[in-house]
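The structure appears right after this line, and notes come after that.
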Amino acid sequence: MNRKKKINQTLKSKAKKANAKLQSSNKPKYIAKADREALAAGAGIESQTVDATAVNAVTFDTASIES
């Protein structure tokens, strides 16, 4: 009886692990702190260039209105 129990226990545990691998998670993938800071710095640079472009567009629009 003990041998059968051990075999069944092993097979059940392997099946349980295989089933767990197939399950998907809604949890987002971990991003390291350094990578998050790099992404934030990159977004900051992009927002500054977008802001500068917007300011230039506004100045061109006001210049054309005044002319």
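Take the conditions (1) in a helix (DSSP H, G or I); (2) surrounded by 10 or more Cβ atoms within 10 Å (Cβ to Cβ); (3) at pLDDT 85 or above; residue 31 misses just one of them, which is (1). For beta carbons closer than 6 Å, sequence separation of 6+ or different chains, a first residue in the stretch 1-24 that is at pLDDT 95 or above and a second that is of a type in the set (Val, Ile, Thr), there are no qualifying pairs. The set of residues in the stretch 1-28 that are hydroxyl-bearing (Ser, Thr, Tyr) and in a helix (DSSP H, G or I) comprises 10, 13.
The values are calculated or read from the model by the stated rules, or taken from the named source; none is laboratory data. Predicted, not measured: the structure shown is a model, and the values here were computed from it. Every residue, glycine among them, receives a Cβ derived from its backbone with ideal geometry; neighbour counts consider all protein chains shown.
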